[in-house]
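The values are calculated or read from the model by the stated rules, or taken from the named source; none is laboratory data. In this text the structure is predicted, and so the values were computed from the model without any measurement. In this analysis, Cβ positions are derived from the backbone assuming ideal geometry, glycine residues included, and neighbour counts consider all displayed protein chains. Surface accessibility is based on the protein's heavy atoms, side chains included, excluding ligands, DNA and RNA. Shrake-Rupley method; radii C 1.70, N 1.55, O 1.52, S 1.80 Å.
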Amino acid sequence: MVQGFLILLVCQLAGEWLMVWFGWPIPGPVAGMLLLLAGLLAVGRVPDSLRLPAEGLVRHLSLLFVPAGVGLMLFADTLAQHWLTILASLILSTFLTLALTGWMLQAFEKRQQKGRSKAWN
Amino acid sequence: MELTSFWVYFNARPLFWMVITLAAYLLASALNRKAGGTALLHPVLVAMLMIIALLTLSNTSYNTYFEGAQFIHFLLGPATVALAVPLFDHRARIRQMVVPIMLVCLSGSLTAVVTTLWIGQLFGGSDKLLLSLAPKSVTSPIAIGISEQIGGFPSLSAGLALTTGMIGCLLAPLVFRLLKIHSDTSSGFALGMAAHGFGTAYAMQRSTLAGAFAGLAMGLTGVFSSILIPQIVKLFGLG
C-alpha cells in the first residue's frame, strides 16, 4: 500500500521533472500516468501493493474535485455577469463533443467487428 | 463572545475544513443515492454548494478553506497517475483500436475548443472570458496550465472545467440514447473526452472498461489540447 503510493508519487515527480527538462507543455500527472503505463507494460503485471491505492484513488476521483470546485465562489461576479455566454458555450460545445466522439468511435468499432466476422466466415 | 472565539479558533485549523469537505461529500453521495443517482444532484455539485454556503455564512475566505482542503486536492496528482492501472488492465482492447482512438481524440479535442470559442464569440464574450473558457474540456490541472499560457484566468478555467464535467455527466445519458451509443468503450471514451475526470468517475460506475477508455480519452485530450489550444486561440484572434 505504502509502496504503491510511493510508486504513484515517484511517477508524478518524474513526469514533472521530465516535462520541465524537455520544456513540453504536458502536465506532470499526465506524463506520470504515461510513465507508469510504460512501466506496467514492461513488467507485465500490476503489483498488489500498487493496485490497492490506485483503485482506491480512482474509485473516489470525484471527491478530489471538490476543493477546486469550491474555488468557483471567487468568481461569483464574473459568473453572475456572463452566465448566459458561459452556459451556452459549455452546454452546446459539450453536447457536440460527446455526440461526435461517441458516434465516431462506435462507427469505427462496428466496422471493425464486421470486418472480423467476415474474415471468420 | 466565548462562542465566537471558539469558532475563530476552529476556523484556523486546516483539519476542520478537511473534515467538512469529506463529510459534505459523503452526505451529498447519500443524498444522491436517495434520489436514485440522478446526475442533477451530482455529489460534487451538492457538496460544493454546501461548502460554499457554509463558508459564506461563517464569513470564511477561500484561502482559509483551501489550507485544509489542499490535502484532498493534492491527491488529484497521484489519482491521475493511477489511471494507468485500468489502462493497463484493458490494454488488449485498446491495442485493437489505436488508430480510431487517435483520430477520434484529435477531432474531439478540436471540436471542443472550436465550438466553445465560436459560441462564446457569438454571445459576445470578452477575450479574457473566451481564453478562460477555451480549455473547458481538459482536466482541471491541465486546464490551469493551458489557461496560464494563453492568458486567461487560471482559477476560473479550473472552475469552468469542473462545470463542464458536471454538464457532461448530465448530458451523456441523453446523447447516448439519441445516437444509440451503447458500447462501454465508445460511451466511456466520449465521457472522458467531453467531461474529463468527472466523466471518468461517471464511466467508472458503468464498468472498469468504460472507465479505462474514459481515462485514456482524458489523458490524450490533455496532451493534444495543450499543444492545439494555443494555436487555435491565435486563429480566433485571441491571446
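Would you please give the FRET efficiency between B:Leu41 and B:Lys128, computed as 1/(1 + (r/R0)^6) with r the Cβ-Cβ distance and R0 = 35 Å, to the nearest 0.05?
Values: r = 32 Å, r/R0 = 0.92.
Computed FRET efficiency for B:Leu41 and B:Lys128 comes out at 0.65.
Run down the lysines and flag those whose C-alpha is under 25 Å from the C-alpha of B:Lys136, throwing out any fewer than 8 positions away in its chain.
B:Lys128, B:Lys234
Report the residues of segment B:42-58 in range of a label on A:Ala76: point 7 Å along Cα→C-beta, backbone N strictly under 16 Å from it.
The answer is B:48-58, whose backbone nitrogens lie closer than 16 Å to the label point.
Mind checking the per residue accessible area of the protein assembly as shown for me, 1.4 Å probe, whole number of Å²?
In whole numbers, the protein assembly as shown has 46 Å² accessible per residue.
Under the definition of partner shielding as Cβ atoms of other protein chains within 10 Å of a residue Cβ, what is the mean value for peptide B:95-104?
Across the residues of B:95-104, the mean count of other-chain Cβ atoms within 10 Å is 3.
Taking the Cα centroid of segment B:118-155 and of segment B:180-239, what is the distance between the two, rounded to the nearest whole Å?
17 Å
Under the definition of partner shielding as Cβ atoms of other protein chains within 10 Å of a residue Cβ, what is the mean value for peptide A:82-88? List each step's numbers first, then the result.
Working: counts 7, 0, 3, 11, 10, 3, 6.
Mean shielding count: 6.
For segment B:29-44 and segment A:11-70, what is the separation of their C-alpha centers, rounded to whole Å?
Each part's Cα centre sits 28 Å from the other's.
Report the gain in length on full extension from A:Trp24 to A:Ser49: 0.36 nm times residue separation, minus Cα-Cα distance, nm rounded to one decimal.
Length gained between A:Trp24 and A:Ser49: 5.9 nm.
Return the average number of partner chain Cβ atoms within 10 angstrom of each residue Cβ along peptide B:135-144.
4
To the nearest 20 debye, what is the magnitude of the charge dipole of chain A about its Cα centre, counting +1 on the Cβ of each Lys and Arg and -1 on the Cβ of each Asp and Glu?
780 debye
Which FRET efficiency value, to the nearest 0.05, is calculated for B:Val98 and B:Arg13 with the Förster distance at 56 angstrom and r the Cβ-Cβ distance? Let's see the in-between values first.
Working: r = 50 Å, r/R0 = 0.89.
It comes out at approximately 0.65.
When the Cα centres of segment B:81-108 and segment B:45-62 are compared, how far apart do they sit, in Å?
38 Å
Run the simple label-point estimate for B:Leu22 and A:Arg111 please: 7 Å along Cα→C-beta, distance reported in nm.
5.0 nm
Starting from the Cα of A:Lys110, draw a straight line to each of the lysines and keep only those under 26 Å, dropping any in the same chain fewer than 8 residues away.
Output for A:Lys110: A:Lys118, B:Lys180.
For segment A:44-121, just say rounded, prolate or oblate: build the C-alpha gyration tensor, square-root its eigenvalues into a ≥ b ≥ c, call rounded for a/c under 1.5, and beyond that prolate if a/b exceeds b/c, oblate if not. Don't skip to the end; give the middle numbers.
Details: a/c = 7.08, a/b = 1.37, b/c = 5.17.
In terms of gyration-tensor shape, oblate.
List residues of segment B:70-86, by number, whose backbone nitrogen lies under 18 Å from a label position 7 Å along Cα→C-beta of A:Leu9.
B:70-83
Using the alpha-carbon atoms, what tilt in degrees (0 to 90, nearest 10) does helix B:43-57 show relative to the longest principal axis of chain B?
The answer is roughly 30 degrees.
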